[in-house]
Amino acid sequence: MERMPLEVQNLYTELLDRLSTIDAHRSIGHVPGAFLKKMIKDETYYYFQYSDPGGIKRQIYIGRKDSSLDKVVKSYREARTNFEEDSAGVQRLCALLRAGGALLTDPASARVLRALSDGGFFRLDGVLVGTHAFLVLGNILGIKWSGGSIRTQDIDIAAEPSLSIAFPGPGSDIPGVLDALQMGFLPVPQLEPRNPSTSFVVRGKGLRLDLLTPLRGRRVQKPIFIPRLKAAAQALPFLDFLITRPVRGALVDGGGVLVNVPDPARFAIHKLIVSGERGAGMHTRREKDLNQAAQVFSVLLEDRPGDVMITWREIQSRGKGWVKRVQNGVSAIRRVDPLIGEKLGAYLMAGS
């Protein structure tokens, strides 16, 4: 594990700011495609041509050419020019970040996450979790993670079953987005055939997408259908803690993708909790949890110890069961990284 040069950290901050500004000022120009004119029986008509995520060109009939549609087309072309200039700036920043050694998302996963982003998943409070989030957190914190804990094509995304506020507009059709990519995604059947799938895989490629949602209550639940995403999600305990108050992050690939990821302190403490919930047959994943937690804590305890203490206070407010799980995780980290384990244990003890 090593710190990225300050120049690379500044470039990443600029990328994140640029993507956030573009997202905040989304306009008609963000819709990829072009207006076309067609002459039909001496009348001129507007069509809009675009390529879906699979690369297939499609055309939508807009209407007969008139002054009002002319204004729409003009506005689109002006906004499109501005958007293309913004996109070129993002691509330049990503190129500089790649050259500077920033953590990169593999092309296949980045393509899927870009399609989900374009489909509105992250604007609907969706959160990227798992190892891909760990990768993004490394860039946010300015750290190159060590070991084999950052290589995966398993994409984990999470969302609450419902939004706390009304959201105007359509939802995000996750199965439709994956189908349009034409990458070969297939739903993974559940053990109970009547239950909807919560996972999608590309057979023979190792690429997998899992949709998760918080489990509330003690009863084991069936997959929960999330209407705004048109998909079902696997309900997991402790996930509500992880995805509360996420932060903005950016994938570094050819063009940059704005995503939501967990707060770093929540991510690390959640890893402590879930590591202890894994059975004997999941030793590898348990070690991965602890390794990622240890690396994030090593940065936070040095740079942002207050974040750890605030999150620890929340854990204490959730009851003895939560506290015990975190304490067990700290004990486990002492085996993986004795120095960080001792430092973390002493810091949390001081805050008890």
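For region 111-130, the set of residues classified as in a helix (DSSP H, G or I) and within 10 Å of the chain's Cα centre (by Cα) consists of L113, R114, L116, S117, F122, G130, listed by residue number. From the list L104, L96, L128, the one residue that fits, being surrounded by 19 or more Cβ atoms within 10 Å (Cβ to Cβ) and closer than 30 Å to R208 by Cα, is L128. For T284, the conditions (1) under 24 Å from the mean Cα position of the chain (by Cα); (2) at pLDDT 90 or above are fulfilled apart from (2).
Right, G138: farther than 12 Å from L258 by Cα, assigned to a helix (DSSP H, G or I) and of a type in the set (G, A, S) or not? Break it down into steps so the answer makes sense when it comes.
Values: farther than 12 Å from L258 by Cα: yes; assigned to a helix (DSSP H, G or I): yes; of a type in the set (G, A, S): yes.
So G138 fits the description; yes.
Taking region 191-227 as the range and being farther than 23 Å from D240 by Cβ and either loosely packed, with under 10 Cβ neighbours inside 10 Å or out of contact with any strand residue (DSSP E or B) (no Cβ under 9 Å at 6 or more places or on another chain) (or both) as the test, the residues that pass are L191, E192, P193, R194, R203, G204, K205. Does R80 fit the bill of being surrounded by 15 or more Cβ atoms within 10 Å (Cβ to Cβ), modelled with pLDDT under 80 and out of contact with any Phe, Trp or Tyr (no Cβ under 9 Å at 6 or more places or on another chain)? In short, yes.
Of all residues in region 55-107, which are part of a loop (DSSP other than H, G, I, E, B) and either among the hydrophobic types (A, V, I, L, M, F, W, C) or closer than 30 Å to M183 by Cα (or both)?
G55, I56, G101, A102, L103, L104, T105, D106
Just for region 33-54: of the residues that are under 30 Å from M183 (Cβ atoms) and among the aromatic types (F, W, Y), which one is surrounded by the fewest Cβ atoms within 10 Å (Cβ to Cβ)? Step by step, filter region 33-54, then rank; the result is Y50. Cβ separations smaller than 6 Å between residues 6+ apart or across chains give the following pairs from region 268-287 residues that are at negative phi and hydrophobic (A, V, I, L, M, F, W, C) to residues that are surrounded by fewer than 17 Cβ atoms within 10 Å (Cβ to Cβ) and outside any helix (DSSP H, G or I): I273/F238.
Just one residue in the set L258, L301, L251 is of a type in the set (A, V, I, L, M, F, W, C) and more than 21 Å from T105 (Cα to Cα); that residue is L301.
The values are calculated or read from the model by the stated rules, or taken from the named source; none is laboratory data. Bear in mind that the values here come from a model prediction, so they are computed numbers and not experimental data. FYI the Cβ positions are ideal-geometry reconstructions off the backbone, even for glycines, and counts take in every protein chain you see.
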